[in-house]
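Worksheet for the structure shown next.
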Amino acid sequence: MTLKTNRQTECGSNDHWNRRTLLRAATAGSISWLTPLATSLSRAAEEASRGAPAKSVIVLWMKGGPSQLETFDPHPNTRIGGETKAIKTSAPGIKIARGLDQVADQMENISLVRSVISDQKDHERATYNVKTGFRPDPTMIHPALGAVICRQLSDQLDIPRHISILPGSWPARGGYLGDQYDAFLVGDPKKPLPDLTSTVSQSRSKRRLDDLIDIVEPEFSRGRLPKLDQQKTLHRISINRAIKMMSSEQLRAFDVMSASQNLRNRYGDTPFGRGCLAACQLIKAGVRCVEVTLGGWDTHINNHQLQQKQMAILDPAMATLIDHLKEEGLLKHTIVLWGGEFGRDPRINVTDGRDHWPHGFTVAMAGGGIAGGQVIGATSPDPNLATSRPDRNVQNPRNIADIHATVLKALGIDFQQEMYNPPIRPVAISEGKVIQELLAS
């Protein structure tokens, strides 16, 4: 039995898990994130992480592909710049697009890689590339960045360590590491996780489930499953951990409505704003990786107006997230990673839109040992768009694998080590090169 929320193309439209399905799945063994971590976790990675500045990651995922020209890499008053104007920021010499005024005040904490390149122009393939750091491969499914982080760094939490809020059509997954590293999917945090907390005492829940196991265990025997005793033990552990989660104080981290009205107003009264607030609370509770999705960036028509609409949602949420993490003393240990699957074409099309563009787009990073106020690479204000090699318009090009390698390095993870993909095929954690300029000394 496999239990996952329905995949949807619109943010926040996934079904929530409830208490009954959670317990049913735990009994059937399908929620493998509830089982204990394998003892083969890399001790070297754990030791390294203790001395690393970063401990957690928040991914702000801009589904559809945000325009670099209307966000973090404006070229005003040029043939490619469109209607966007640039504004000064708190980081000397760095300008970003008007509409990100609150983010501009946080730029001393943020660094930009303006020269990210890829060869993937299709949404699904490009999303896979950016989330995993690898090109799509028909022979395997690579794990997303958050899954790798959770695999390498162990924790003792009652709630999931890898969470995706408002997931789109390709939420972060465990890939060849297994479903236990899939992100736990959550919709709009304004709506509490339905019926997840237990309505009876923990001891009573345990008695009920012990009775249920006594009923279903003969099914295991009749099915002649391999390693039967081990399977039964794992199912019991899964159930116990499900019960522990339902009675855990850590569940409060999902509740954004208990935050002050002033704080919620700062983030913005939007699902994305609430998602960013939840991300901060979850990181404070000890969660390793939280992904928050803001869809609507695929602006093939009316690009300027639609990008402005998106920035009105993004600006207060992203700026407040960084500021809130700093207020809580969490920013120095938390990497905030902003980006989408690609950027937008410098050329404005006949419907006043911009099409897909992987040949020079921006990824923003903050916190967790990332040196703020830096700009890596540059795109041309007057690119040669007739060339068959548009990447040549980019100075100091970097690929997605380099972003992953840099994040993993900041977390103290040896990204050059290999993990094993069944059937026992060694695969490097990342094939990228660290962007040393981004790492704080």
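Has segment 326-344 got at least one residue that is over 22 Å from Asp402 (Cβ atoms), free of Cβ contacts under 8 Å to residues at least 60 places away in the same chain and in a helix (DSSP H, G or I)? So far as segment 326-344 goes, yes, one or more of its residues are over 22 Å from Asp402 (Cβ atoms), free of Cβ contacts under 8 Å to residues at least 60 places away in the same chain and in a helix (DSSP H, G or I).
For residues in segment 35-90 being surrounded by fewer than 21 Cβ atoms within 10 Å (Cβ to Cβ) and of a type in the set (Lys, Arg), which is modelled with the lowest pLDDT? Result: Arg43.
Here Met419 clears all of (1) among the hydrophobic types (A, V, I, L, M, F, W, C); (2) under 17 Å from the mean Cα position of the chain (by Cα); (3) outside any helix (DSSP H, G or I) except the condition numbered (2). Give me the residue from segment 96-114 that is out of contact with any helix residue (DSSP H, G or I) (no Cβ under 7 Å at 6 or more places or on another chain) and not in a strand (DSSP E or B) and, out of that set, farthest from Ile313 (Cα to Cα). Going through the qualifying residues, I end up with Glu108.
Can you find a residue in segment 260-280 that is hydroxyl-bearing (Ser, Thr, Tyr), loosely packed, with under 12 Cβ neighbours inside 10 Å and at pLDDT 95 or above? Break it down into steps so the answer makes sense when it comes.
Let us first name the residues in segment 260-280 that are hydroxyl-bearing (Ser, Thr, Tyr), namely 260, 267, 270.
Checking which are loosely packed, with under 12 Cβ neighbours inside 10 Å leaves us with 260.
So of that shortlist, the ones also at pLDDT 95 or above come out as 260.
Within segment 260-280, one or more residues are hydroxyl-bearing (Ser, Thr, Tyr), loosely packed, with under 12 Cβ neighbours inside 10 Å and at pLDDT 95 or above.
Looking across segment 328-346 at every residue that is among the charged types (D, E, K, R) and over 18 Å from Gly286 (Cβ atoms), the one that is farthest from the chain's Cα centre (by Cα) is identified as Asp345.
Somewhere in segment 122-139, is a residue more than 27 Å from Phe361 (Cα to Cα) and either in contact with an Asp or Glu (Cβ under 9 Å, 6 or more places away or on another chain) or of a type outside the set (Phe, Trp, Tyr) (or both)? Outline the logic, then answer.
The initial filter retains those residues of segment 122-139 that are more than 27 Å from Phe361 (Cα to Cα), namely 139.
Narrowing further to those that are either in contact with an Asp or Glu (Cβ under 9 Å, 6 or more places away or on another chain) or of a type outside the set (Phe, Trp, Tyr) (or both): 139.
Yes.
Take segment 171-186 and flag every residue that is part of a loop (DSSP other than H, G, I, E, B) and in contact with a helix residue (DSSP H, G or I) (Cβ under 8 Å, 6 or more places away or on another chain). Write out each step before concluding.
The first filter runs over segment 171-186 and keeps only residues part of a loop (DSSP other than H, G, I, E, B), leaving 171-174, 178, 182-183.
Scanning segment 171-186 gives Ala172, Arg173, Gly174, Gly178, Asp182, Ala183.
Of the residues making up segment 281-307, those that are outside any loop (DSSP other than H, G, I, E, B), within 21 Å of Gly168 (Cβ to Cβ) and not β-branched (Val, Ile, Thr) are Leu282, Cys289, Glu291, Leu294, Asn303, Leu306, Gln307.
Reported count of residues in segment 115-170, each being buried (at least 24 other Cβ atoms within 10 Å of the Cβ), charged (D, E, K, R) and not in a helix (DSSP H, G or I), is 1.
The values are calculated or read from the model by the stated rules, or taken from the named source; none is laboratory data. What you are looking at is a predicted structure, and each value in this text was computed from that prediction instead of being measured. Neighbour counts run over all protein chains shown; Cβ positions are idealised from the backbone, glycine included.
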